[in-house]
Amino acid sequence: MTDIDLVRQWINASVRVVALTGAGISTESGIPDFRGPQGVWTTNPKAERLSNIHSYMSDRVRAGEDDPACERCGGILKSATISFGQSLDPDVITRAMRAAERADLLLAVGTSLQVYPVAGAVPLAKAAGARVVIVNAQPTPFDELADAVLREAIGEVLPALCGP
């Protein structure tokens, strides 16, 4: 029996499966991750600074159009995404941690598991009795804690785990 077969059995036997994904989930589509060997920050260390909201807000000679202003507060109007350097919504984090704590199986896919507080969902789920499966090309700080670590391509692993 392969590791993929074993994990598939675990998924099928689980009532609550929680998936935690990171930038690595899209690398096979040609979108680079941040910290991997060919990641945006690895190949261009200045890019990490540019991805931070504080650096973005302080760089008034940047090219492009001005950001639209919020009519209510005067700040910039932007999508409902979180940039590096911005605070996470505590209610969202609380719900995510609660889901991890109630999981039978936590599937971490394409994430370095280095960004907190979200990376803390892995030991939280494990401590609550969940099986932990990590699908990532590179080692993570929680590989030793995991019940299974799959290094195969995400585009091959996920269909094998979730398909008919």
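What to note about this one:
- The residue that is farthest from ILE25 (Cα to Cα), among those in the stretch 110-164 that are surrounded by 14 or more Cβ atoms within 10 Å (Cβ to Cβ) and of a type in the set (Lys, Arg), is LYS126.
- Listed by position, the strands (runs of 3 or more DSSP E) contained in the stretch 54-164 that have at least 1 residues being basic (Lys, Arg) and either in contact (Cβ under 8 Å) with a residue 40 or more places away in the chain or touching a helix residue (DSSP H, G or I) at 6+ places or on another chain (Cβ under 9 Å) (or both) are 131-135.
The numbers here are math on the coordinates, done by the rules we state, and not lab data. Model, not experiment: these values are computed from the prediction. Neighbour counts run over all protein chains shown; Cβ positions are idealised from the backbone, glycine included.
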